[in-house]
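Inspection log for the structure reproduced underneath, given as structure tokens.
The values are calculated or read from the model by the stated rules, or taken from the named source; none is laboratory data. Computed from a prediction, not measured in an experiment: that's the story for all the values here. When we count neighbours, we look across all protein chains shown, and the Cβ atoms used for this are built from the backbone with ideal geometry, even at glycine. We work out accessible area using only protein heavy atoms, side chains counted, and drop any ligands, DNA or RNA first. Shrake-Rupley method; radii C 1.70, N 1.55, O 1.52, S 1.80 Å.
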Protein chains: 2
Amino acid sequence: MDSINIKKLAKELNLSTSTISRAFRGSSDINKATKERVLSAAYELNYEPNHYASNLREQKSNTIAVIVPEIANNFFSQAINGIERVAREKGYHILIYLTYDDFEKEISFINNLHSGRVDGIIMSVSGEANNHDYLNKLKKKKIPLVFFDRVYEDIDTAKVTSNDYESSFSATEHLINNGCKNIAYLVVNKSHSIGKMRMRGYTDALAAHQISYRDDLIIDCSNDLEQTQEILKQVFNDLKPDGIFASVERLAIATYQVCQDQNIRIPEDIKIISFSSLEIAALLNPSLSTITQPALEMGIEAAKLLFKAINSGDEQMVTDQVVCKSQIIGRKSSASK
Amino acid sequence: MDSINIKKLAKELNLSTSTISRAFRGSSDINKATKERVLSAAYELNYEPNHYASNLREQKSNTIAVIVPEIANNFFSQAINGIERVAREKGYHILIYLTYDDFEKEISFINNLHSGRVDGIIMSVSGEANNHDYLNKLKKKKIPLVFFDRVYEDIDTAKVTSNDYESSFSATEHLINNGCKNIAYLVVNKSHSIGKMRMRGYTDALAAHQISYRDDLIIDCSNDLEQTQEILKQVFNDLKPDGIFASVERLAIATYQVCQDQNIRIPEDIKIISFSSLEIAALLNPSLSTITQPALEMGIEAAKLLFKAINSGDEQMVTDQVVCKSQIIGRKSSASK
């Protein structure tokens, strides 16, 4: 939101703040032309009319926006619960926007939010386009922005991520230690910040164990379940990997379904570990080994940073970088024979 | 939103619509006092200043609100995907509001939405308070409202539900046919519209099979997982039910966890069926028998009704009642020995 407040409006119009107040209250001791001058200026300067009465002083909407790629994913729904918990304590509402990984939607949402509908934005980004000008405009409008999980490296703002490189390295090592030699890496979008980091952890772990990297074992999957299942069937048939590192939860689910379908035994024929915040990983058949991000904690941290920025005033943006630790939980799906 | 449009504004100010348009565009051929009169009136009449330019004619926000109790639940995330699919086709954005079953939050959201921030609302209600005046106000403001899944019976608006009574009757019968005699009914909130319908299906199925209803087998659980687990441990220990009908997905999860913990075998010691939209029900150990609501379809139907209402104009509200059919899928968790 532009940092318009009653003082600036008064200055702009060369009126006293009390005159401005009276114009808004509709006092009878103010003449019609002056009242019209004030309300007209308020309109032009984007005062939110409906919020004016209750938020006259601060020009706060008491709302924050949370922009995420999807919610049918336990990581995001848990992170949102964390954000909501902090927001609730602060007397704030949250509004959730879904990009479905559509970069155009992200731009459109952000452009809508320039108007000051919200006091701040927490976002897990949709893609990797090069031009992020629409985000820089937020700075000019003094609307704080916090990234979580998926970030744009070139935007200088607060970020909450998890130790994707280290945990991917360890997860790959876990599969190697349990006997895997041909480990397929399943990914949806390699160009995401987290896609890159996770893949680097995987390749470095292979190198550290003198296993040569094979390009054909990097499997580009899709957000569409059936499409991914087709891809995996082909891969299992042609390449016969003995290990699967799923960089996204839904790819582990697809793997289970294909294995069930094709009578491939987990973990005897193929071992699997996956990034996942699935609360019922332990109830799957067999129980799923996971790299579990602290989703709730990441949401809480992101919200705390946002409120730090909101409360720090207009001139100071918060650029803290918080890195949370994921936990590697070995279960039956990756057990050695 | 008040059905203020450029014509009404012109009439109100005794100006031509073209003068109004020019005032908003900031044309140079309009005098300052007239411009101020127009913008001042716009401010007072709650024109959304930021949306004005692009939506001058229709006064549409091109946004709909979706109010749900939670998103960490596959039913709601799938329904939202359905709503989004329709909204996207219409060029609309959706904004998601989470009530966390908090009635006060619901009221606060609705009151915020009176201002015309959105063109319509799709809601699964939070509770069963008696006074729903805050919803009646939407009608006056001509903001269409569609309920889905959880509804308030006393509000005369469009509703999309599933055949909760019939499917609960059939699910209970399924357990009886597979040998269960002491079937516990797990519920979080008995006063919800769906809570009532599902329980009636359960009790009527018992009666139809000459099994007497036992009040102690109606188990009030909680949204808190640990609390529910404690309650279930007690119940399993004291009442030794041989069947579980979980009216909400998370209660089935809690049941699995307690059974795993207490070495109670599913389905040998206890059979279970649950309302659930869990996509991986078949991958659980053992696979979970479900009453699966057509979540995606319900979202699509709700969105279609909302757009029907939005497009029908101000004076006509849509009050269609759509009932979708759930599917009962027997898997290992309820199999007879």
Open item on the list: Using only the alpha-carbon atoms, what does segment A:182-284 span along each of its principal axes? Please give whole angstrom values in decreasing order.
Closed with: 33, 26, 26
Open item on the list: For chain A, set up a GNM with springs between Cα atoms under 10 Å and report which of A:Ile194, A:Ile280, A:Ile110 has the largest fluctuation.
Closed with: A:Ile280
TODO: Round to the nearest 0.05 the FRET efficiency obtained for A:Asp224 and B:Lys332 when R0 = 25 Å and r is the Cβ-Cβ distance.
DONE: 0.35
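So if R0 is 35 Å, what FRET efficiency would B:Lys308 and A:Glu104 give, r being the distance between their Cβ atoms, rounded to the nearest 0.05?
Once the sixth-power term is evaluated, E becomes 0.85.
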Task: 5 angstrom amide H check on A:Val125, placed H, neighbours 5+ away - done: A:Phe148, A:Arg150, A:Val151
- [ ] In Å³ and rounded to a whole number, note down the convex hull volume per residue for the Cα atoms of the protein assembly as shown.
- [x] 161 Å³
Open item on the list: Using Cα springs under 10 Å in a Gaussian network model of chain B, which residue among B:Leu278, B:Leu13, B:Leu175 shows the largest mean-square fluctuation?
Closed with: B:Leu13
Open item on the list: Between B:Lys139 and A:Asn14, what is the label-point separation in nm under the 7 Å Cα-to-beta-carbon projection?
Closed with: 5.3 nm
Task: Other copies of A:Asp224: label-to-label distances in nm, shortest first, labels 7 Å along the beta-carbon direction - done: 4.5
Task: Average beta-carbon neighbours from other chains, 10 Å sphere, peptide B:96-102 - done: 4
Task: Per-residue ³J(HN,Hα) for segment A:193-206, Karplus 6.51 cos²θ - 1.76 cosθ + 1.60, θ = phi - 60°, Hz, x for Gly and Pro - done: 3, 6, x, 5, 4, 5, 5, 5, x, 5, 5, 5, 5, 4
Task: Dipole of chain A, positive direction: furthest Cα of A:Ser162, A:Ile80, A:Thr63, with charges on the beta-carbon - done: A:Thr63
Open item on the list: Using a Gaussian network model on chain B with a 10 Å cutoff between Cα atoms, which of B:Leu296, B:Leu113, B:Leu283 fluctuates the most?
Closed with: B:Leu283
Task: Whole-Hz ³J(HN,Hα) from phi, Karplus 6.51 cos²θ - 1.76 cosθ + 1.60, for segment B:130-141, glycine and proline x - done: 7, 9, 10, 4, 4, 7, 4, 4, 4, 4, 4, 7
- [ ] Using the Karplus curve 6.51 cos²θ - 1.76 cosθ + 1.60 with θ = phi - 60°, work out ³J(HN,Hα) for each residue of segment B:149-159 in order, rounded to whole Hz, and write x for Gly and Pro.
- [x] 6, 9, 10, 9, 5, 7, 9, 8, 8, 5, 9
TODO: Run the 1.4 Å probe and let me know the accessible area of A:Asp119, rounded to the nearest 10 Å².
DONE: 20 Å²
Task: Accessible area in square angstrom per residue, the protein assembly as shown, 1.4 angstrom probe - done: 42 Å²
Task: Which listed pairs, of A:Lys190/A:Lys233; B:Lys35/B:Lys105; A:Lys240/B:Lys271; B:Lys137/B:Lys308; A:Lys8/A:Lys90, have C-alpha distances above 29 Å, in listed order - done: B:Lys35/B:Lys105; A:Lys240/B:Lys271
- [ ] For A:Asn31, place a label point 7 Å out from Cα along the Cα→Cβ vector, do the same in each other copy, and report the separations in nm, one decimal, smallest first.
- [x] 1.5
Open item on the list: At a threshold of 8 angstrom on Cα-Cα distance, excluding pairs fewer than six apart, so keeping six or more, what relative contact order does segment A:204-337 reach in percent?
Closed with: 22 percent
TODO: Could you work out how far helix B:74-89 tilts from the main Cα principal axis of chain B, as a 0 to 90 degree angle to the nearest 10?
DONE: 30 degrees
- [ ] Run a plain Debye calculation on chain A (Cα atoms as equal point scatterers, no solvent) and give log10 I(q)/I(0) at q = 0.09 Å⁻¹, rounded to two decimals, same order as the q list.
- [x] -0.56
Task: In range of the label at A:Lys90: residues from segment B:84-109 whose backbone nitrogen is under 14 Å from the point 7 Å along Cα→Cβ - done: none
Open item on the list: Please list, ordered by chain and number, the residues whose modelled amide H lies under 5 Å from the amide H of A:Gly120; skip anything fewer than 5 residues away on the same chain.
Closed with: A:Ala65
Task: Loop-resident sites, segment B:169-251, for trypsin sites (Lys or Arg not before Pro), counting at most 13 other Cβ within 10 Å (DSSP) - done: B:Lys181
- [ ] Please give, to one decimal in nm, the separation of the simple spin-label points placed at B:Asp261 and A:Asp216, each 7 Å out from Cα toward the Cβ.
- [x] 4.8 nm
Open item on the list: Within chain B, which is the longest segment that contains none of the GluC sites (Glu not before Pro) sitting in a DSSP loop with at most 12 other Cβ atoms within 10 Å?
Closed with: B:154-267
TODO: Give the residues of segment A:231-271 whose amide nitrogen is closer than 13 Å to a point set 7 Å from the Cα of A:His209 in the direction of its Cβ.
DONE: A:242-245, A:271
